[in-house]
Amino acid sequence: MKGIRHAVILGSGFETALQPLETIEVETPFNSKKVVVSRVVIGGVETLAVLRHGVKHENPPHMVEYRANIWSLKELGVNRLLAVNTVGTINPIMRPGDLTVPHNMIDFTKRRRYTFYDAQPVVHIDFTKPYCEELRSLLIKSACKLGETVWDKSTYICTEGPRFETAAEIRMFRLLGADVVGMTGCPEAALARELGLCYASLCIVSNMAAGMQSRVTSREVSEIVFRKREAVIKVLGETIKDIPADRNCSCSIQTDSEFKL
Ligand SMILES: [Zn+2]
């Protein structure tokens, strides 16, 4: 698997979407977690793939070992990550079935492991722009080319889950400037940045957020993901084909990491 420099991280509903050419287990230092990484072909190009929740969707969003997923791909030499996330929309301009490529995020998670730097050295990454602008523009271009309705900017707010939000929470999130809400974007994006990896997210809008429709159910979310799955894989394929060998972004730049007293 060495030599493949890009990977996809797929969410719920993608467990049977791709046929692996090869599958390995990568041992990680995070609670002895082993991550199953597959070599797959997307858009005619070999790429690596990780199922965020595990191969049998065994980990709910708040129990995913995000550090192990990101670390295992870095270990294999990956430097570009394309994530697929499912979101409810808070912004009424977006509709179920649309795609969006968020440009910023707000973290409302509560009890996850957020960093690779729990000890020395003390590291503070720049996270002004949490997503790779180069990968974002490639995702948007590919989605447009394939005729998808795609929003080129949105602020993603991440909740702890696994319950859906209350109507009052969604009203608050709207006031805070969020457009879409999900449970898996954080800390995944920050962990990628900590390791200097490019990271962008292609989000499937599965439902209107709580209070904007009568109730929110897992079933409707699954149905939309199942309906959009093939289109999302095609967008990923077009994007991967266009990823240049050299990175034209600042994702790999380490910040002034240590306090010197
Ligand atoms: Zn980048």
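Observations on the model:
- Förster radius 30 Å - calculated FRET efficiency between Asn59 and Ala119, Cβ distance, rounded to 0.05: 0.75
- Remark: Thr86, Thr149 ranked as Thr149, Thr86, counting other beta-carbon atoms within 10 Å and listing the fewest first.
- Among Asp118, Asp98, Asp246, sorting on how many other beta-carbon atoms sit within 10 Å of each Cβ, with the fewest leading, yields Asp246, Asp118, Asp98.
- For region 6-242, with +1 on Lys and Arg beta carbons and -1 on Asp and Glu, the positive-most of Ser154, Met172, Ala143 along the dipole: Met172
- Using a cut-off of 19 Å between Cα atoms, the listed pairs Lys34/Lys74; Lys2/Lys145; Lys33/Lys56 include Lys2/Lys145 as exceeding that distance.
- Cα extents for region 115-261 along the principal axes, largest to smallest and rounded to whole angstrom: 55, 38, 23.
- P(r) histogram, all alpha-carbon pairs of region 57-105 included - 10 Å bins from 0, percent: 17, 38, 34, 10, 0
- Within region 6-242, percent of DSSP bridges classed antiparallel, to nearest 5: 35 percent
- For region 6-242, a crude dipole built from +1 on the beta carbon of Lys and Arg and -1 on the beta carbon of Asp and Glu, taken about the Cα centre, is about 380 debye to the nearest 20.
- Of the chymotrypsin sites (Phe, Trp or Tyr not before Pro) in region 99-186, those whose Cβ has at most 13 other Cβ within 10 Å and which sit in DSSP loop: Tyr117
- 35 Å tail of the calculated P(r), the chain, as % of Cα pairs: 10 percent
- Of all complete DSSP H helices in the chain, those with a Cα span along the helix axis of 27 Å or greater and a mean Kyte-Doolittle hydropathy of -0.5 or more are 218-242.
- Relative contact order %, region 6-242, counting alpha carbon pairs below 8 Å whose residues are six or more apart: 29 percent
Each reported figure results from applying straightforward, stated rules to the coordinates on display, with no laboratory input. Please read these numbers as outputs of a predicted model, since none were measured by experiment. Methodologically, a virtual Cβ is constructed for each residue, glycine included, from the backbone with ideal geometry; neighbour enumeration extends over all protein chains shown.
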